[in-house]
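Structure first, then comments.
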Amino acid sequence: MSRASSDVAAVRSLVGFGAVSLVGTVFAFAGALAAMLAADPWLTLWALAPYPALVLLAKRFNAVVNQRAQATQEQLGVLSARVQEYIAGMSVVRAYTLEPRASADFASANREYLRRSLALARTQASFAPLMGLIAGVGTLVLLWAGGKAVVDGRLSLGALVAFNGYLAYLTWPTIALGWTLSIVRRGLTSMARIQEITGARSDEREEQIGLGTTMPLSTSMRPLWEPAPGTVFVGERDVTRLPRGALRVMLGYVPQEGFLFSRSIAENITLGREDADAARVREAAVAAGVADETDGFLAGFDTVVGERGLTLSGGQRQRVALARALVGRPPILVLDDPFASVDASKEEEIAGNLRALAQGRTVLLMTHRLRAAQLADRVVVLDAGRVVEQGRHEDLVGARGLYARLWRVQQLEEEIARA
Amino acid sequence: MPDVGHEFDDRLGRAFDRRLVARLWHAARPHRSLIAASLVLFPLISAVELAQPYLMKVAIDNHILKADWLGLTWIVALYVGVLVLLYALHWLEAYLMNLTGQRVIHDLRAALFGHLLRLEAAFFDRNPVGRLMTRVLGDVEAVSEAFTSGLFAVVADVITLAGVVGVMLWLDWHLALVTFSIVPALFVAAGYFRLRARDAYRRVRQRLAHLNGLLQESLQGMAVIQLFARERYEAERFREANGAYHRAVFASTSYDFFLYASVEALGSIAVAVLLWYGGGEIIAGAVSFGVLVAFIQYTNRFFLPIRDLGAKYTVMQSAMASSERIFGLLDRPPAIVSVGRATARDQESRAPAVELQGVWFAYEDEAWVLRDCSLSVAAGERVALVGPTGEGKSTIARLLNRSYEAQRGRVLVDGVDVREWNVARLRRHVGIIFQDTLLFTGTVEENLKLGVDGAVAPADLARAVETARAAAFVAALPRGLDEALGERGANVSHGQRQLLAIARALVYNPAVLVLDEATSSVDAESEALIREAMSGLLAGRTSLTIAHRLSTVQHADRILVLHRGRIHEEGSHAALLRRGGLYARLTELQAGPSAA
Ligand SMILES: Nc1ncnc2c1ncn2[C@@H]1O[C@H](COP(=O)(O)OP(=O)(O)O)[C@@H](O)[C@H]1O
Ligand SMILES: [Mg+2]
């Protein structure tokens, strides 16, 4: 995020100001130089005599400035690490009354940062007036050598004054040159980093794949994570052979975390699908069981939710995400643990909705709550990435395997919650 | 309760706010001698700068035109002196302004961090670490710019302008008035710029905020976007926002360029007028050649500060926005303040070591975590607190050291309401030990002595390490107690970290120990070590142990079972098991699926 915006800003200044001033600089420099040479080559040489020395000096300064700027930057890193550590560990700070220590720790890093910033400022402070010095020395030499020429009658006074004017055009470009070069350098570095990202192929494999119930499902959702060919099939067709869009038309997927964008509820449901009109949105919302609540909001389906809008409860978010999956009327519905972030009363409600949703559809429900699994025609039990049991709920409970043990534990939990 | 302003705050646009400048001035007051020195320097620098064109005039009129080369050499020597002096003065000026700015923000950073340390826990629940870091480290930088290239530069410019006007009038008031005839046009241009630029800059900020928000959200929701194949739709949205931002930047830049170009053009016109009128005057003998040359140079100086107004405007605008956020944070009063009254334990007191009386507590609004909860721990008693996760066990610990405050009911320590305790003393008295605690950057020894004021005898330290069963692994570290712990103790294992936390608690040695046990599991060997270390820690001490592993509470004098915001059952391990209630079920549950 920070990388994106700061790099883009650097490139912007490269193509914006950097380019403009580079072109302008070259023109001004060349023009002034030509005019001066035409007027009086000798005097030009005199006037330019101090420039090489000053450019070298500027370069030296630049090296020192860079070095000190880096030292300052490093200390800022130290300081920010301290702040981060103490703010993140504030509960420990409180419990151990560490406030004085934290203050002292921060103060010493803060002091060092001040010291280094000032060291940098000292060199920078001598760098900036250099421009005035370059201009001044040029004028000085001109006044002295040119003045003599005028006195000797070799040069007209008007030419001398014009010369002084041209000289002013040379000073700024000389300074600007170094500055422009540094902008170009920064811009190019950022450009390289941007290209590194945009150049990255979008089919990169995800390194870590969550294990357990989520995996086989995600594996079917190309191209997020791509399964090996010939391992995952939908309706007898290998998912790796299906065109990308087709799979998503067939499969409605509700992820475990119902991520909502800071947009209206309707937009969150359609996500910009052109074929989803208001009626379809309502139909999906009714099926997902959020229509009534949404109608209760001030702006109805146009209510903006999320960070900059209305905060929805975990269950409400979940159901909006469900409506999102339903709006495409998929024949297959895949639900990844819809009970992960809802409490018991909502669980009943969602389970009730599920029954209705399953009408005329294939539903694949991933869940750790076995009460919901009771609804299924068939339960598949996964353990460490393998199918260990399969069958109807009643049969599995009777089987005394992993499923039966999990069932007992969850019943205990329910008893505790009810106590 | 409002937080301290969002990252993408967009309600600001002003470059000068009297109230904020007054606050900034207040913050800068300790360094007013530096500011005074700068203010003395400004006219000095202006004077020396303005001497240059004058010397030029003298050189031309008195020496070159009179063919006096020796005299010219003297003037040149004087010019050298002026240059050197100017260089030194400029250096001093730049350094002084930096010094002031850096010192002010050094103080501001310290004030901000100090203030954060005083704020209550609930504040940190609402304000993410990243945002607070931006306040302490990012926003202050913008404020320092106000000193180095904003406010001060404007003052310096005004002084220079006044000087230029004065010298021009003094040299030749006719010629001066002719030059100034261009000023009304200048005012019109600057006024137009100010009017337009303000809105343009505000739009840039707003659109950038929008763009950033969109980018952040798209990155967070990338999985959903890809899942529903909405990449193209999102890209389109982003392109739109990006285009809007681009247009806003272009508009604001074009105002900058408008100002720049029109001031340059007006400057050229002024010089042309000067040459036309002045040339006539020279021929008429009313004006000398040198004066005209000096005038041309003065005219350039006159236009320079106005031309660079745009840059200063931007600097001041972001400085104002940042100081608004900084002062907003500094103005937020801590909700929990210490009364500063020292409380000593009454030796005769028979009051419980800690006690909750009918406490109601919610982190937010009416979502009660504790409902009419009462419990007490007698001095010298070892009590365990158990219950399912999320019931509020840790919350009780946080109430005991007044990290949070109960909405209703009373929390007593040694029979005294925590609100009447001096907060620092309370927290020395009731030590909350997070067993899975974080380690700070520093050596092992520094981490063990955390929060202990004064010296700790090496023997005591060694004993604590021994009791905590940490001696063996500390000895195995290459530098022993002096071993530096990496960021957040990255170089010690999970189990070792728990042992260090126990050793730290032993060194801290609070009168009442509240132990919030780690939920995370460790290997069997570490588990055994930790259990031994814990019994060493609890021996002969008043303690309230919040236990997630029920196996560790069986030896407690008394076990409290928290459920639905209050104490649901209490008694010894055996008694509670016999009762066959919640505790019995929890025990069975913890035995795990394998036992079924
Ligand atoms: N800082 C907080 N802000 C808001 N809610 C919180 C905060 N800390 C805990 N909670 C909520 O308060 C309840 C009790 O939490 P806690 O005391 O940590 O439980 P326990 O320690 O018993 O597991 C939980 O529902 C939890 O989600
Ligand atoms: Mg807890």
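The values are calculated or read from the model by the stated rules, or taken from the named source; none is laboratory data. All of these numbers come straight from a predicted model, not from anything done at the bench. When we count neighbours, we look across all protein chains shown, and the Cβ atoms used for this are built from the backbone with ideal geometry, even at glycine. Ligands, DNA and RNA are stripped out before the accessible areas are found, and what is left, the full protein with its side chains, is counted by its heavy atoms. Shrake-Rupley method; radii C 1.70, N 1.55, O 1.52, S 1.80 Å.
Taking the Cα centre of the range B:354-591 as origin and assigning +1 to Lys and Arg Cβ atoms and -1 to Asp and Glu Cβ atoms, the resulting dipole is close to 400 debye. Accessible surface of chain B, 1.4 Å probe: 58 percent of it comes from carbon and sulfur atoms. Helix content alone sets the calculated 222 nm mean residue ellipticity of the protein assembly as shown: runs of n ≥ 4 DSSP H residues at -39500 (n - 2.57) each, divided across all residues, give -20000 deg cm²/dmol. With K and R counted +1 and D and E -1, the other residues having a Cβ less than 15 Å from that of B:Pro458 yield a net charge of -3.
In the context of the full protein assembly, A:Asp292 retains an accessible surface of approximately 130 Å², using a probe radius of 1.4 Å and ignoring ligands and nucleic acids. Among beta bridges identified by DSSP and lying wholly in the protein assembly as shown, the antiparallel ones come to about 50 percent.
Rounded to the nearest whole Hz, the Karplus-based 3J(HN,Hα) values (6.51 cos²θ - 1.76 cosθ + 1.60, θ = phi - 60°) of the range B:165-170 follow the sequence 4, x, 4, 5, 4, 5, with x at glycine and proline.
Diffusion of the range A:218-376 by Stokes-Einstein, at 37 °C in a medium of 0.692 mPa s and with Rh set to the Kirkwood radius over alpha-carbon pairs, works out to 201 µm²/s. Using θ = phi - 60° in the Karplus curve 6.51 cos²θ - 1.76 cosθ + 1.60, the 3J(HN,Hα) couplings for the range B:411-418 round to 10, 10, 10, 6, x, 10, 4, 4 Hz; x is entered for Gly and Pro. Antiparallel beta bridges, as assigned by DSSP with both residues in the range A:218-376, represent about 25 percent of the total such bridges.
Against chain B, whose longest principal axis comes from its Cα atoms, helix B:458-467 is set at around 50 degrees. Available extension along the chain between B:Ala36 and B:Phe238 is 67.7 nm, counting 0.36 nm per residue and deducting the alpha carbon span.
Taking both sides together, the accessible area buried where A meets B is about 8600 Å² for a 1.4 Å probe. Summarising the amide proton neighbourhood of A:Val234: residues at separation of 5 or more, or on other chains, whose placed amide H is nearer than 5 Å comprise A:Val239. Backbone phi angles across the range B:561-575, fed through the Karplus curve with coefficients 6.51, -1.76 and 1.60 (θ = phi - 60°), yield HN-Hα couplings of 10, 8, 7, 6, x, 8, 6, 8, 9, 8, x, 7, 3, 5, 4 Hz in residue order; Gly and Pro are listed as x. In the range B:354-591, Cα pairs under 8 Å separated by at least six residues give a relative contact order of 28 percent.
Could you do me a favour and compute the accessible area per residue for chain B, 1.4 Å probe, result in Å²? Show your work: numbers first, answer last.
Details: 26670 Å² over 596 residues.
Value for chain B: 45 Å² per residue.
When the Cα convex hull of the protein assembly as shown is projected onto planes of every orientation, the mean area is 51.2 nm². The residues B:Trp421, B:Trp170, sorted by heavy-atom accessible surface at 1.4 Å with ligands and nucleic acids left out, run B:Trp170, B:Trp421 from largest to smallest.
What is the magnitude of the charge dipole of the protein assembly as shown about its Cα centre, with +1 placed on the Cβ of each Lys and Arg, -1 on the Cβ of each Asp and Glu, and no other charges, expressed in debye to the nearest 20? Mind dumping the intermediate values first?
Values: 107 positive and 102 negative charges, 216 e Å.
Roughly 1040 debye, rounded to the nearest 20.
Residues whose amide H falls under 5 Å from that of A:Arg263, counting only those 5 or more places apart or on a different chain, are A:Val305, with hydrogens built in the peptide plane. The order of B:Ile326, B:Ile296 by accessible area, most exposed first and with a 1.4 Å probe, is B:Ile296, B:Ile326. Whole percent per 10 Å bin, from 0 to the bin with the longest distance: what is P(r) over all C-alpha pairs of the range B:354-591? Answer for the range B:354-591: a P(r) of 7, 31, 34, 21, 6, 0 percent. The long axis of helix B:32-58 is offset from the longest Cα principal axis of chain B by roughly 20 degrees.
Under 29 Å between alpha carbons: how many lysine pairs meet that in the protein assembly as shown, if sequence neighbours fewer than 8 apart on the same chain are excluded?
On the way: A:Lys59/B:Lys312; A:Lys148/B:Lys57; A:Lys148/B:Lys66; A:Lys346/B:Lys393; B:Lys57/B:Lys66; B:Lys393/B:Lys449.
Here the count comes out as 6.
Between helix B:231-284 and chain B there is an angle of about 30 degrees, using the helix long axis and the longest principal axis of the Cα atoms. Close amide-amide hydrogen proximity is noted between B:Arg408 and B:Trp360, each under 5 Å apart and 5 or more residues distant or on a separate chain (H modeled in the peptide plane; Pro and chain starts excluded). A:Val55 contributes about 70 Å² of solvent-accessible surface, heavy atoms of the protein only, 1.4 Å probe.
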